[in-house]
Amino acid sequence: MAVTDRVNVFTAIALLLISTGVTAAVLPEERADSMYHSYSGGGVTIDGPSILVRKNIDNKLSLSANYYVDMISGASIDVQATASPYSEQRDEYALGADYLVDKTTMSLSYTNSSENDYQAETVGFGIKQDFFGDLSTLSMRVSLGSDDVMRNGDDDFLEQAEHRRYSIGWSQILTQKLIAELSVETVADEGFLNNPYRSVRYLDPNSGTGFSYQAELYPTTRNSDAVALRAKYRLPYRAAVKSEYRRYADSWGISSDNLELRYTHPLESENLILEGKLRFYKQTGADFYSDLFPYLNATNFRARDKELSDFSSTAIGIGATYLLPERWALFDRKNTVNLYWDYVLFDYDNFHDVRVHDGDAAINPGEEPAYNFNAHVVRLFWSVWF
Amino acid sequence: MSRRALLILPVLLLLGGCESMMPEPWVKPYERHYLADPIMSFERDPVAAGYMNHVYEAREAARGAEGGAGGGCGCN
């Protein structure tokens, strides 16, 4: 579908939303969240803060601001194979406004992300409306992103990439205890889409290990579609289960499925809400992915990014929200302290661990063991409602 | 496809104008106390949900359709 056609479809739906003012919409909650986040796995640690504040003005306008930092250190398997350990920081600033006009919520957002070798700006517009006696909510969002890609150590290297995202969501109350949501999103990328540091390997009889490396080369366009269906059900006692399934496919030949199940259980006498989740993800790799190409420049496009390989991951997560008693609550408002921990196992089918060549073992190229690793993801945050 | 988009517009507007033909909402406002419970929202904490979407998007090829907290991370 061409980009202009997508815009036409979205314009038509936006006109529909504006033309059917049936029931009142509600602005998001006024609250502030201060979070420490940490991802640790595969030789890499990424952590930092995220501060999100949202404040309403006259029940018409809701403003939000988010400051988010990724501090990256360590050496992933790619870096261990072909480069040196490094550390860097990504800073992200996001501003948003939601305006309630004639029973329709219209949203604008701006995000700026900067690293020493990557700059990205994204603007987004969304529209949302409740209708059918508040049982249904239709929403859509369009965002446009523009990136500058640089390469450390090479002042002459500067490339661009653009991203367009179009999403539609339909949320539906089905019974007194069941709500479901259907989400569809199309993403179109254009420009320099590969990582300027990453390499592919190819068989090279002149090399001591039997293989050498050359730079990755990706297509300059990528179009993807994702469809997700999620539902939440209130159990006969005060607890809830959530299920979510997403199907994804793109023009690079990648397809994936993921399934998530979540259980939420409040302990009212303890001021606690406990949560547990399971998530399964599986993908088939890109057409131009190979762990080991047969020779130099073997194909028009080439990748050995493990995120583009055949792999699966399994995640298990637990978390707790503690509602602070009044004597501890700041500003005499509702305060919560939250801790979530996720454990994720990544299992690659056709991405091999070339680090075995660092030792004395005589292993033929392509016969290395498949790579796998596990990661710990922690979210610790304090929330206060205004 | 642009012709198809033009056809969609009147169909959608027609649907919007025919609400009287639609069935009555079957869950009344006073029957929504279970749904109003915070544990029934898909994501209670936007700051935490947005972060997990970022974690997944950075390590998986799939992106999009994350629901309310999605929209891309603006990172490589």
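The values are calculated or read from the model by the stated rules, or taken from the named source; none is laboratory data. Note that the structure is predicted; figures quoted are calculated from it, not measured. So basically every Cβ, Gly included, is an ideal-geometry build from the backbone, and we count neighbours across all protein chains shown.
Taken over the stretch A:135-184, residues that are among the basic types (Lys, Arg) and surrounded by fewer than 20 Cβ atoms within 10 Å (Cβ to Cβ) amount to 3. For the stretch A:300-338, residues that are over 20 Å from the mean Cα position of the chain (by Cα), of a type outside the set (Ser, Thr, Tyr) and closer than 28 Å to B:Val47 by Cβ total 16.
Could you check, for the stretch A:103-112, whether at least one of its residues is more than 29 Å from A:Ser383 (Cβ to Cβ) and touching a residue at least 12 places away in the same chain (Cβ under 8 Å)? Scanning the stretch A:103-112, I find no residue that is more than 29 Å from A:Ser383 (Cβ to Cβ) and touching a residue at least 12 places away in the same chain (Cβ under 8 Å), so the answer is no. Based on what the data block shows, is A:Thr105 buried (at least 17 other Cβ atoms within 10 Å of the Cβ), more than 8 Å from chain B (Cβ to nearest Cβ) and touching a Ser or Thr at 6+ places or on another chain (Cβ under 7 Å)? So A:Thr105 fails the test. Residues that are crowded, with 16+ Cβ neighbours inside 10 Å, within 13 Å of chain B (Cβ to nearest Cβ) and touching a Phe, Trp or Tyr at 6+ places or on another chain (Cβ under 9 Å) do occur in the stretch A:287-299, at least one of them.
Residue count for the stretch A:367-384 under the criterion of being over 22 Å from the mean Cα position of the chain (by Cα) and loosely packed, with under 15 Cβ neighbours inside 10 Å: the result is 2.
Does at least one position in the stretch A:311-323 carry a residue that is surrounded by fewer than 15 Cβ atoms within 10 Å (Cβ to Cβ), within 12 Å of chain B (Cβ to nearest Cβ) and not charged (D, E, K, R)? Within the stretch A:311-323, not a single residue is surrounded by fewer than 15 Cβ atoms within 10 Å (Cβ to Cβ), within 12 Å of chain B (Cβ to nearest Cβ) and not charged (D, E, K, R). Under the condition of being within 24 Å of A:Glu216 (Cα to Cα) and either within 11 Å of another protein chain (Cβ to nearest Cβ) or within 23 Å of the chain's Cα centre (by Cα) (or both), the residues counted in the stretch A:160-200 number 17. Could we say that A:Leu235 is more than 21 Å from the chain's Cα centre (by Cα), away from chain B (no Cβ under 14 Å) and modelled with pLDDT of 95 or more here? So A:Leu235 fails the test. Taking the criterion of being free of Cβ contacts under 8 Å to residues at least 24 places away in the same chain and closer than 21 Å to A:Gln160 by Cβ, would at least one residue in the stretch A:125-143 satisfy it? No: zero hits.
Here A:Phe132 meets the list (1) surrounded by 14 or more Cβ atoms within 10 Å (Cβ to Cβ); (2) in contact with a strand residue (DSSP E or B) (Cβ under 6 Å, 6 or more places away or on another chain) almost entirely, failing just condition (2).
Annotation note: Cβ proximity below 6 Å between a residue of the stretch A:73-90 that is on the phi > 0 side of the Ramachandran plot and a residue that is surrounded by fewer than 17 Cβ atoms within 10 Å (Cβ to Cβ) and not polar (S, T, N, Q) (sequence gap 6+ or interchain) occurs for A:Gly74/A:Gly43. For the stretch A:42-54, what are the residues that are more than 18 Å from the chain's Cα centre (by Cα) and within 11 Å of A:Gly96 (Cβ to Cβ)? A:Val53, A:Arg54 - these are the residues of the stretch A:42-54 that are more than 18 Å from the chain's Cα centre (by Cα) and within 11 Å of A:Gly96 (Cβ to Cβ).
Within the stretch A:68-80, the set of residues being closer than 20 Å to A:Tyr340 by Cα, within 11 Å of chain B (Cβ to nearest Cβ) and not charged (D, E, K, R) comprises just one member, A:Tyr68.
Scanning the stretch B:26-60 for residues that are among the aliphatic types (A, V, I, L, M) and either in a helix (DSSP H, G or I) or at pLDDT 95 or above (or both) yields B:Leu35, B:Ala36, B:Ile39, B:Met40, B:Val47, B:Ala48, B:Ala49, B:Met52, B:Val55, B:Ala58. If we scan the stretch A:162-176, do we find a residue that is touching a strand residue (DSSP E or B) at 6+ places or on another chain (Cβ under 7 Å), of a type in the set (Val, Ile, Thr) and within 21 Å of A:Gly124 (Cα to Cα)? Within the stretch A:162-176 (the criterion being touching a strand residue (DSSP E or B) at 6+ places or on another chain (Cβ under 7 Å), of a type in the set (Val, Ile, Thr) and within 21 Å of A:Gly124 (Cα to Cα)), the answer is yes, since at least one residue qualifies.
Conditions (1) assigned to a strand (DSSP E or B); (2) at the interface with chain B (Cβ under 9 Å from one of its Cβ atoms); (3) among the basic types (Lys, Arg); (4) in contact (Cβ under 8 Å) with a residue 24 or more places away in the chain, marked per residue:
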| residue | (1), (2), (3), (4) |
| --- | --- |
| A:Pro28 | no, yes, no, yes |
| A:Ser34 | yes, yes, no, yes |
| A:Asp47 | yes, no, no, yes |
| A:Val53 | yes, no, no, no |
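None of A:Leu278, A:Leu272, A:Leu267 is of a type in the set (A, V, I, L, M, F, W, C), surrounded by fewer than 19 Cβ atoms within 10 Å (Cβ to Cβ) and touching a residue at least 40 places away in the same chain (Cβ under 8 Å) except A:Leu272. In summary, A:Phe125 fulfils each of the numbered conditions (1) within 12 Å of chain B (Cβ to nearest Cβ); (2) surrounded by fewer than 19 Cβ atoms within 10 Å (Cβ to Cβ); (3) over 30 Å from A:Glu159 (Cβ atoms) with the single exception of condition (3).
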